[in-house]
Structures are given as C-alpha cells and as structure tokens.
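The block underneath contains the structure these notes are about, expressed in structure tokens.
Bear in mind that the values in this text are calculations on the coordinates, not laboratory data. It should be emphasised that the depicted structure is a prediction, and the values quoted were computed from it without experimental measurement. Every residue, glycine among them, receives a Cβ derived from its backbone with ideal geometry; neighbour counts consider all protein chains shown.
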Amino acid sequence: MDTSAPLVWNDSLMTGVPDIDEQHRILVHSLTEARAKLADETSPDVLEAITQDLLAYALYHFETEEALMHETGYSAAGGADARQHLAEHRDFSAQVVAMRSTLKAGIQVAPDVLLGFLNNWLAKHIMHTDKRFAAYMLGRADR
C-alpha cells in the first residue's frame with residue numbers, strides 16, 4: 001500500500017497546552033493504528049470502523065478545544081482566526097461523514113486517500129490553527 005508518510009508525534013506538534021497536546025498525541029497514535037490495520041486489510045468494514053472511531057474521537061477533541069475557546073474568550077477575541085478554527089472543525093467532520101456515506105453506499109475509498117487526508121489535515125490543523133489558539137491561551141496565562 002502506497003500512502004503518504006505517516007504523521008509521527010514529535011515536539012514540533014506540541015502546542016504547550018497539556019490537554020490539547022495529549023488529545024493530539026492520541027489522534028496521531030490512532031492514525032498510526034489505522035495505517036497498521038489498513039496494511040493488513042482494506043475491506044469496507046475496516047474502513048468504516050476506522051472512520052467511525054476517528055470521527056468520534058475528533059468530535060470529542062473538537063468539543064474540548066471549543067470549550068476552551070469559549071472559556072478563554074478566544075471565540076469572541078480571536079476574530080477571523082477563531083471563526084476559521086471552528087470552520088475547519090466543521091469541514092473536517094463533513095468530509096469524514098461524506099467518506100462514511102460513500103463507504104455505506106458500497107463505494108470503495110482508497111486507503112491511501114483516507115490516510116493522506118487524515119494525516120495532512122491533522123498536521124496542518126495542529127501546526128497552524130491550533131498553535132495560533134494555543135499562543136492566545138498561553139499569552140492570557142502570562143497576564
């Protein structure tokens with residue numbers, strides 16, 4: 001199976017916010033497990049289970065971030081960055097739901113497409129969007 005390079009947890013992915021970093025670590029680990037499962041079997045059932053599990057944990061993680069955004073005032077003070085952050089969460093969820101619908105309709109989703117999307121989305125979201133939010137949170141903590 002030819003997929004994009006796996007996302008590996010390292011210090012460059014850390015935001016400095018312990019709860020967020022721990023959940024990101026779990027998401028990266030989940031992607032590693034998904035890659036291993038898909039190396040052995042790519043049946044629609046396996047793909048559906050992977051997308052279900054990842055979507056469920058991602059939604060939990062998004063709830064955590066969005067609660068922190070509200071608690072810290074980022075939802076109001078973050079302006080366009082805060083709106084973009086929420087939009088990325090919604091877009092990710094919609095794309096995974098669309099993939100799940102495709103699978104349920106009996107249409108195969110290539111494992112490398114799924115893993116590539118998940119890896120790229122998570123890395124980009126952490127490195128850009130989540131780090132901007134974390135900088136806001138950590139800046140508030142210094143006050």
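Summary of values
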quantity	calculated
From phi via Karplus (6.51, -1.76, 1.60), per-residue ³J(HN,Hα) for segment 42-56 in Hz, x at Gly/Pro	10, 5, x, 5, 5, 4, 5, 5, 4, 5, 5, 5, 5, 5, 4
Residue-averaged [θ]222 nm for the chain, counting only DSSP H segments that reach four residues, each worth -39500 (n - 2.57)	-25500 deg cm²/dmol
Amide H partners (placed H, <5 Å) of Ala110, local residues excluded	none
Convex hull volume per residue in cubic angstrom - Cα atoms of segment 49-120	81 Å³
Cα long-axis angle, helix 18-40 against the chain (0 to 90 degrees, to the nearest 10)	10 degrees
Inter-centroid distance (Cα atoms) of segment 104-132 relative to segment 1-71, Å	9 Å
Cα pair count fraction exceeding 19 Å, expressed as % - the chain	52 percent
For segment 133-138, Karplus couplings with θ = phi - 60° (6.51, -1.76, 1.60), whole Hz, Gly/Pro x	5, 4, 4, 4, 4, 5
Inter-label distance, nm, simple model (7 Å from Cα along the C-beta direction), Ser93/Thr42	3.0 nm
